[in-house]
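The values are calculated or read from the model by the stated rules, or taken from the named source; none is laboratory data. If you're wondering where the values come from, they're calculated on a predicted model, not measured in any experiment. Every residue, glycine among them, receives a Cβ derived from its backbone with ideal geometry; neighbour counts consider all protein chains shown. Each accessible area value is taken on the protein alone, full model and side chains, heavy atoms only, with ligands, DNA and RNA left out. Shrake-Rupley method; radii C 1.70, N 1.55, O 1.52, S 1.80 Å.
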Amino acid sequence: MTSDSPDEWDWAEGWDQVFTVLAVEPRREIIRSLLDEPHERRLALPEAAESPNQSMGTERFTLQLRHHHLPKLADAGYIRWESDPFCVQRGPHFEEPAFFIESVLEAKDEIPSSLITNCKILQQMTGAD
């Protein structure tokens, strides 16, 4: 017999949350931008979320950040952000998504070529064309 108590599913919800947050490139870029920064350092937005893989109009992109991407990251405790000045910094649970981004970056030479194709960031990192 299995038990479906809420406590037994907390671990799964945590994993689902990390993968949901990292499923969209601007959110991954924010985490990646903050990796090498001290905990208290704030980075300017939208620059910290921009990627060479996407061309985004600044106004539309900023609206997406403010109303979708930043709240999702902040609700999980991964970041803190402010509107004025428009900036982002690490949150109390930053280490959770940071672990996955760091792991991918450390294993860049082992990433299948099918995942590198059309990803300008990984192409630059691995020297792939």
So is Glu25 open to solvent by 30 Å² or more (accessible area, probe 1.4 Å) and either charged (D, E, K, R) or touching a residue at least 24 places away in the same chain (Cβ under 8 Å) (or both) or not? no
Among the listed residues Leu45, Leu34, Leu65, identify the single one that is within 11 Å of the chain's Cα centre (by Cα) and touching a residue at least 24 places away in the same chain (Cβ under 8 Å). Leu34
Taking segment 14-31 and the residues there that are within 24 Å of Gln123 (Cβ to Cβ) and acidic (Asp, Glu), the one that is farthest from the chain's Cα centre (by Cα) would be Glu25
Filtered residue count, segment 73-96, keeping only those that are part of a loop (DSSP other than H, G, I, E, B), open to solvent by less than 70 Å² (accessible area, probe 1.4 Å) and not aliphatic (A, V, I, L, M): 4
Which condition from (1) under 26 Å from Gly127 (Cβ atoms); (2) modelled with pLDDT of 90 or more; (3) assigned to a helix (DSSP H, G or I) is the one that Asp109 breaks? (2)
Between a first residue in segment 79-96 that is modelled with pLDDT of 95 or more and a second residue that is open to solvent by 10 Å² or more (accessible area, probe 1.4 Å) and acidic (Asp, Glu), which pairs have beta carbons less than 7 Å apart while being 6 or more apart in sequence or on different chains? Gln89/Glu40
Those residues that are touching a strand residue (DSSP E or B) at 6+ places or on another chain (Cβ under 9 Å) and among the polar types (S, T, N, Q), I need them from segment 71-129; list them, please. Gln89
